[in-house]
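Colleague: I'd like to ask some things about the structure below.
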Amino acid sequence: MAAQKLQLVPAAPSPEELAAAAERDAEGQANFDRVMAQDSRIEPRDWMPAAYRKTLLRQISQHAHSEIIGMQPEANWISRAPSLKRKGILMAKVQDEAGHGLYLYSAAETLGQSRDDMMDALIAGKARYSSIFNYPARTWADMGAIGWLVDGAAICNQVPLCRASYGPYGRAMVRVCKEESFHQRQGFEILLELSNGTAAQKQMAQDAVNRWYAPALMMFGPPDDDSPNSRQSMAWNIKRFSNDELRSRFVGMMVEQVRVLGLTLPDEQVRFNDETKKWEHGPLDWNEFKEVLAGRGPCNAQRVERRRQAHDDGAWVREAAAAYAAKQSAKQKEVVA
Ligand code: 3HC
């Protein structure tokens with residue numbers, strides 16, 4: 001006969017325990033509300049509402065995944081960069097993105113989810129990452145357009161996140177933004193050199209700007225009327241500006257810079273609205289955005305498959321690191337004993 005399994009049923013909390021938990025929650029909520037009102041920071045050990053934790057985990061993990069998947073379109077060009085100097089710069093940039101992913105996974109881990117779980121979701125195709133990285137990088141000029149437009153949009157979106165109410169996220173953003181500024185400058189410089197080169201090089205630069213402009217504008221997320229998370233994230237001082245507000249600021253920045261580049265934005269409807277004091281742009285194809293988010297963009301399958309492959313290829317490194325850590329910890333225990 002099969003042995004009977006002993007089932008341990010946790011004892012129901014006593015009325016006193018329930019009352020103490022309710023008191024802790026009430027105090028925690030009061031502190032959280034005070035922190036929000038003072039525009040101060042919540043740290044990992046502070047009490048926080050479950051929905052605030054969930055929202056942060058969602059945004060920070062998606063952001064981390066974007067950095068990691070975002071390495072692919074550029075890494076693909078390292079071996080084809082036109083000079084040793086360009087190769088070195090591009091390699092450094094791609095490494096920076098890996099670093100950003102690591103700070104962000106660490107920030108997300110402080111909220112209670114393991115990096116392994118986040119990575120599993122990514123390689124299972126269940127996690128979101130930025131739409132922009134599902135577009136192909138076709139020519140060398142795309143390295144310029146990605147740096148200038150994509151990293152430019154990232155800076156515009158992320159500088160306000162340096163003031164995010166969750167401490168580890170805001171602090172990670174400070175360093176990320178410094179590095180993104182370098183990335184944008186290197187992209188701008190690639191485009192400037194091509195724009196001042198031969199007619200064919202200038203055309204290649206313009207073509208890259210034409211292809212990356214609209215997807216870069218969509219990086220800011222859906223229009224405000226269609227953004228289910230913005231209002232609450234702004235009330236919690238995570239996001240400081242709405243998607244449309246940041247998109248408009250970005251367009252204004254690009255209008256100035258594209259003149260210096262000697263190129264044009266593929267958008268005849270860009271204009272400064274004197275009444276609203278905001279930059280406006282032409283219509284964007286939000287159906288295309290939805291398709292990309294649903295996994296049906298030009299490179300979605302390829303990006304996730306490549307990440308899965310890289311994860312599998314790196315298994316031996318993780319195993320070796322874990323074995324080394326176990327050995328070190330056993331040695332330390334021997335010394336202590
Ligand atoms: N790509 C993919 N998904 C997007 C998206 C985009 N460009 N914009 C919005 N979404 C998703 C949201 O994640 C959300 O999905 P979910 O509810 O299933 O999680 C849904 O669309 C609705 O959008 P909301 O506007 O309501 O969502 P948010 O309030 O979270 O705003 C965001 C979206 C502006 C991207 C915000 O999450 C954010 O500011 N994130 C931090 C910045 C970030 O992740 N940047 C990635 C850019 S790439 C990068 O930094 C790498 C660098 O090297 C260039």
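The values are calculated or read from the model by the stated rules, or taken from the named source; none is laboratory data. All of these numbers come straight from a predicted model, not from anything done at the bench. Quick reminder, even Gly has a Cβ in these numbers, built from the backbone with ideal geometry, and neighbours come from all protein chains shown. Accessible surface areas use protein heavy atoms only, side chains included; no ligands, DNA or RNA. Shrake-Rupley method; radii C 1.70, N 1.55, O 1.52, S 1.80 Å.
Colleague: Looking only at helices (runs of 4 or more DSSP H) that fall completely inside the stretch 127-216, which ones have 1 or more residues that are out of contact with any helix residue (DSSP H, G or I) (no Cβ under 6 Å at 6 or more places or on another chain)?
Modeller: 167-195
Colleague: Follow-up question, since we're still on this one. So, in the stretch 219-233, of the ones that are part of a loop (DSSP other than H, G, I, E, B) and out of contact with any Leu (no Cβ under 7 Å at 6 or more places or on another chain), which residue ends up farthest from the ligand (Cβ to nearest atom)?
Modeller: Only one residue fits best here, namely Pro223.
Colleague: Wholly within the stretch 1-110, which helices (runs of 4 or more DSSP H) include no fewer than the required count, namely at least 1 residues that are modelled with pLDDT under 95 and open to solvent by 80 Å² or more (accessible area, probe 1.4 Å)?
Modeller: Filter on the stretch 1-110 gives 15-37, 71-78.
Colleague: Now for a different question. Quick check on Leu111: is it in contact with a Pro (Cβ under 8 Å, 6 or more places away or on another chain) and either within 30 Å of Trp148 (Cβ to Cβ) or away from the ligand (no atom under 13 Å from the Cβ) (or both)?
Modeller: Answer is yes for this residue.
Colleague: Just to check your reading of the model, which residue among Gln232, Gln184, Gln206 is closer than 26 Å to Gly99 by Cβ and in contact (Cβ under 8 Å) with a residue 24 or more places away in the chain?
Modeller: Gln184
Colleague: Considering only residues that are within 15 Å of the ligand (Cβ to nearest atom) and open to solvent by 30 Å² or more (accessible area, probe 1.4 Å), which ones fall in the stretch 136-159?
Modeller: Asn157, Val159
Colleague: Another question about this same structure. Is it fair to say Arg307 is within 28 Å of Ala121 (Cβ to Cβ) and touching a residue at least 60 places away in the same chain (Cβ under 8 Å)?
Modeller: Answer is yes for this residue.
Colleague: Taking Val260 and the conditions (1) part of a helix (DSSP H, G or I); (2) open to solvent by less than 40 Å² (accessible area, probe 1.4 Å); (3) β-branched (Val, Ile, Thr), which numbered condition does it fall short on, given that it satisfies the others?
Modeller: For Val260, the failing item is (2).
Colleague: Name every residue in the stretch 177-223 that is open to solvent by less than 10 Å² (accessible area, probe 1.4 Å), aliphatic (A, V, I, L, M) and under 18 Å from Arg259 (Cβ atoms), in order of residue number.
Modeller: Selection gives Ile190, Leu191, Ala205, Ala208, Val209, Ala216.
Colleague: Looking at (1) open to solvent by less than 20 Å² (accessible area, probe 1.4 Å); (2) part of a helix (DSSP H, G or I), which is the one condition that is false for Asp312?
Modeller: (1)
Colleague: Of the numbered conditions (1) loosely packed, with under 11 Cβ neighbours inside 10 Å; (2) within 20 Å of Tyr135 (Cβ to Cβ), Arg303 fails exactly one; give the number of that condition.
Modeller: (1)
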